[in-house]
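Asker: Starting off with a structure, shown below.
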Amino acid sequence: YSGNEAKGAGSYTARASFINPDTHNFRTPDDMFLTWKIDRKSLDMSGVRWNYEGAFTYDGEVKKVELEGLPEGVYAEYEHAAAYDAGVYNARAILKYDEDNLEAITPADCQWRIAKRKIDISDVTWGYEEPFEYDGSEHSIYLINLPEGVEAEYTGNTHVEAGKYAAGAALVPNDANNYEVPEINGCTWSIDKAPLRVADLSWTDSSDFVYDGTAKTVEIIND
């Protein structure tokens, strides 16, 4: 025989050559051939899963996902399976194994996410306690106890004239890619009218008025 024995998967041609001890009296049969093959072994991938259970939260550390339950002799190389910043990623596994003799179904890609970290603003309040009094200058209100790394963009928080106003603020993190800030309520505030201060005033004396057919007048004078 030749070609009738193999170990690895593939297609082969076996040949049988006959030995005739009495070629004088018998015709030697022709060689016989057989095409045969060894199929690749299908690997059981039913237990392979991505180890991703839910969104990570940004914390400044690298996050990653990978496959679990790979059969013996199989390992994976990954694309987009590790990240630092918040965002949505599509991880892909490239399986490495003896492809000459084995075959495996590559798992589907895994879409995974690192969520932005929410900044705690529970201590943030408007620094406004009571109405201002009109004095011709600007009056403003601002947020106090802003966390580090957060800035406020204000609307309606500065006025000069007396009146009632509505202030608003949009909180903006310095690192908007990885942090988010909840919305904060606005603040109604006011500038009260100032009392008009005048010098000592009095009415003119009318104690000696006596009817004489003419008009009499009293008025305010500045003493």
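The values are calculated or read from the model by the stated rules, or taken from the named source; none is laboratory data. From a predicted model like this one, the values you see are computed outputs, not experimental measurements. Cβ sites come from the backbone with ideal geometry, for glycine too, and all protein chains shown count toward neighbours. Heads up: the accessible areas ignore ligands, DNA and RNA and are worked out on the full protein's heavy atoms, side chains in. Shrake-Rupley method; radii C 1.70, N 1.55, O 1.52, S 1.80 Å.
Asker: Can you pull out the residues in segment 175-218 that are open to solvent by 80 Å² or more (accessible area, probe 1.4 Å), in contact with a strand residue (DSSP E or B) (Cβ under 7 Å, 6 or more places away or on another chain) and not hydrophobic (A, V, I, L, M, F, W, C)?
Answerer: Of everything in segment 175-218, just one residue is open to solvent by 80 Å² or more (accessible area, probe 1.4 Å), in contact with a strand residue (DSSP E or B) (Cβ under 7 Å, 6 or more places away or on another chain) and not hydrophobic (A, V, I, L, M, F, W, C), namely 188.
Asker: Hey, another quick one. Quick one: what pairs do we get from segment 192-220, first residue free of Cβ contacts under 8 Å to residues at least 60 places away in the same chain and in a loop (DSSP other than H, G, I, E, B), second of a type in the set (A, V, I, L, M, F, W, C) and open to solvent by 90 Å² or more (accessible area, probe 1.4 Å), C-beta under 6 Å, 6+ apart or different chains?
Answerer: So the pair list comes out as 218/203.
Asker: Restricting attention to segment 166-191, which residues are acidic (Asp, Glu) and either in a loop (DSSP other than H, G, I, E, B) or at pLDDT below 95 (or both)?
Answerer: Scanning segment 166-191 gives 175, 183.
Asker: Out of everything in segment 9-60 that is assigned to a loop (DSSP other than H, G, I, E, B), in contact with an Asp or Glu (Cβ under 8 Å, 6 or more places away or on another chain) and aromatic (Phe, Trp, Tyr), what residue ends up being modelled with the highest pLDDT?
Answerer: 58
Asker: Could you check segment 64-115 and list, in sequence order, the residues that are open to solvent by 60 Å² or more (accessible area, probe 1.4 Å), touching a residue at least 60 places away in the same chain (Cβ under 8 Å), part of a loop (DSSP other than H, G, I, E, B) and under 23 Å from residue 40 (Cα atoms)?
Answerer: Once the filter is applied, which keeps residues that are open to solvent by 60 Å² or more (accessible area, probe 1.4 Å), touching a residue at least 60 places away in the same chain (Cβ under 8 Å), part of a loop (DSSP other than H, G, I, E, B) and under 23 Å from residue 40 (Cα atoms), segment 64-115 yields 100, 105.
Asker: Checking residue 162 against (1) small (Gly, Ala, Ser); (2) over 30 Å from residue 91 (Cβ atoms); (3) under 26 Å from the mean Cα position of the chain (by Cα), only one condition comes out false. Which one?
Answerer: Residue 162 satisfies all of (1) small (Gly, Ala, Ser); (2) over 30 Å from residue 91 (Cβ atoms); (3) under 26 Å from the mean Cα position of the chain (by Cα) except (3).
Asker: Sticking with this one: Just give me the residues in segment 155-165 being assigned to a strand (DSSP E or B) and surrounded by 13 or more Cβ atoms within 10 Å (Cβ to Cβ), in sequence order.
Answerer: 158, 159, 165
Asker: Every residue in segment 128-154 that is part of a strand (DSSP E or B) and loosely packed, with under 12 Cβ neighbours inside 10 Å, please.
Answerer: Result: 144, 153.
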